[in-house]
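Note sheet for the following structure.
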Amino acid sequence: MLYKVLDKSAYQDFIKSLIADHQFIGPKKKDKATHDFVPIKDISELDTDYKRTTLPPAKKLLFPPNEELVSYELGDEIVVEPVIEASEKILFGINAWDINGMNFMDKIFTTDFVDANYVAKRKKLTVIGIDSEPTETNFSLSMGADYATEGFDLYITELKDKYFVRVATAKGDGLLTKHTTAMEATNEDFSEYSKYKDDYREKFSKDVRIKNFYDDFEAIYDNEQFWSKVTKDCYSCGSCNLSCPTCFCFNVKDDMQLNLTTGKKTREWDSCMIPEYGLVAGEHNFRPNKENRLKQRYRCKLKTFKEKLGNYSCVGCGRCIEVCMAKINIADDIDSVKKEVSI
Ligand code: SF4
Ligand code: SF4
């Protein structure tokens with residue numbers, strides 16, 4: 001990692017130059033409450049001062065909601081052609097917990113099975129992170145996801161009269177060299193940055209008691225009364241999954257043309273919270289009720305992948321809390337599990 005500083009007067013020209021030379025994706029205000037990561041053609045469209053987390057999460061750039069995977073033609077031989085669409089892009093303005101969400105997705109799509117579509121897009125994505133204000137629902141500090149140590153090319157932090165830039169890759173360093181003039185960080189810069197980080201951590205107001213969650217969770221897993229209370233208002237709408245930066249379940253659809261010889265396979269985001277998720281042939285449903293689905297979601301988020309990959313499948317961004325019409329709150333539920341077990 002290299003550490004550099006960028007003068008505030010040079011910042012705007014740096015961004016303008018990146019926009020002029022690259023396919024540039026950044027946060028743009030969508031409505032009163034949300035931002036979205038979209039192609040930016042002019043710096044005036046960019047709004048990095050976002051308080052609410054961006055919806056949908058930036059995972060859509062690597063794992064689109066709907067994506068063609070292969071096309072095929074049936075004949076004397078079956079011809080299957082992979083469809084891999086990826087182009088060089090800069091993703092600018094993503095914050096630490098979402099970078100950590102992407103790092104989790106990297107593990108998912110390269111462990112056990114390497115997903116060529118995901119990997120091609122990830123390799124061509126240059127990531128420039130920034131800090132953004134955590135909302136009151138954000139508990140990423142408790143999840144250890146408030147700070148990104150990898151998964152980006154550049155990470156820019158605004159200090160009083162300069163920007164502190166962490167340079168993680170040669171690609172990131174090349175962008176700085178080509179588009180601006182950055183200086184090596186001095187000891188004073190490091191001190192100011194360290195003080196900034198201490199102050200920044202203070203901004204996370206939501207704390208959860210995640211330590212040893214999985215033991216408590218297993219102890220309460222079969223407590224029907226508890227789960228029925230937690231899920232009583234759930235509509236099984238799946239919004240929590242669709243807004244989550246780490247949910248990766250998908251369904252693969254076969255679309256054959258009427259000629260019955262050509263067709264394509266596409267994948268689309270799926271949701272473990274909807275009743276159809278566990279439905280199989282013969283009308284059997286492995287998870288027929290919402291209690292079963294929610295506790296399985298929590299197990300996946302807070303236990304399974306912590307054991308398998310060393311990371312929670314939750315970065316504590318708080319999006320699922322904000323989008324849930326039934327006010328189901330994963331952060332409060334983590335604490336409720338602990339409280340219930342301690343009784
Ligand atoms: S927890 Fe909330 S967002 Fe998720 S399925 Fe239930 S009602 Fe929908
Ligand atoms: S489960 Fe909720 S809080 Fe955790 S990463 Fe997903 S959307 Fe964010």
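The values are calculated or read from the model by the stated rules, or taken from the named source; none is laboratory data. The shown structure was predicted, so the numbers you read here are calculated from the model rather than taken from an experiment. When we count neighbours, we look across all protein chains shown, and the Cβ atoms used for this are built from the backbone with ideal geometry, even at glycine.
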| remark: Within the stretch 239-253, the count of residues that are near ligand 2 (Cβ under 6 Å from one of its atoms) and in contact with a Phe, Trp or Tyr (Cβ under 8 Å, 6 or more places away or on another chain) comes to 2
| note | Listed by first then second residue, the pairs whose first member lies in the stretch 125-148 and is in contact (Cβ under 8 Å) with a residue 40 or more places away in the chain and closer than 29 Å to Lys327 by Cβ, whose partner is acidic (Asp, Glu) and crowded, with 21+ Cβ neighbours inside 10 Å, with beta carbons under 6 Å and at least 6 positions apart or on separate chains, are Ser140/Asp146
| message | Please determine whether any residue of the stretch 40-57 is of a type in the set (S, T, N, Q), at negative phi, outside the structural domain of Lys253 (by TED's automatic domain parsing) and touching a Cys at 6+ places or on another chain (Cβ under 8 Å). | response | yes
| task | Give the residue that is surrounded by the most Cβ atoms within 10 Å (Cβ to Cβ), with candidates limited to residues of the stretch 12-28 that are out of contact with any strand residue (DSSP E or B) (no Cβ under 6 Å at 6 or more places or on another chain) and of a type in the set (Gly, Ala, Ser). | result | Ser17
| request: Might you check whether a residue that is surrounded by 14 or more Cβ atoms within 10 Å (Cβ to Cβ) and within 20 Å of Met105 (Cα to Cα) occurs anywhere in the stretch 39-49? | output: no
| task | Please enumerate the residues belonging to the stretch 231-274 that are of a type in the set (Gly, Ala, Ser), over 22 Å from Asn103 (Cα atoms) and either assigned by TED's automatic domain parsing to the domain that holds Pro65 or in a loop (DSSP other than H, G, I, E, B) (or both). | result | Ser236, Gly238
| request: Check the stretch 302-315 and report whether any residue there is within 12 Å of ligand 1 (Cβ to nearest atom) and either in the same structural domain as Gln225 (by TED's automatic domain parsing) or over 17 Å from Asn103 (Cβ atoms) (or both). | output: no
| Residue list for the stretch 99-117, filter: part of a loop (DSSP other than H, G, I, E, B) and β-branched (Val, Ile, Thr) | Thr110, Thr111, Val114
| query | Is it fair to say Cys234 is under 30 Å from Leu74 (Cβ atoms) and within 16 Å of ligand 2 (Cβ to nearest atom)? | reply | no
| query | Taking strands (runs of 3 or more DSSP E) that do not extend beyond the stretch 37-98, which have at least 2 residues that are closer than 27 Å to Ser239 by Cβ and in contact with a Lys or Arg (Cβ under 7 Å, 6 or more places away or on another chain)? | reply | 66-73
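For the stretch 195-223, which residues satisfy the criterion of being in a helix (DSSP H, G or I) and touching a helix residue (DSSP H, G or I) at 6+ places or on another chain (Cβ under 7 Å)? Full working, then the answer.
Going residue by residue through the stretch 195-223, those that are in a helix (DSSP H, G or I) are 195-201, 213-220.
Phe213, Tyr214, Asp216, Phe217, Ala219, Ile220 - these are the residues of the stretch 195-223 that are in a helix (DSSP H, G or I) and touching a helix residue (DSSP H, G or I) at 6+ places or on another chain (Cβ under 7 Å).
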| request: Filter the stretch 155-203 down to the residues that are of a type in the set (Phe, Trp, Tyr) and surrounded by 14 or more Cβ atoms within 10 Å (Cβ to Cβ), then identify the one that is farthest from Tyr3 (Cα to Cα). | output: Tyr200
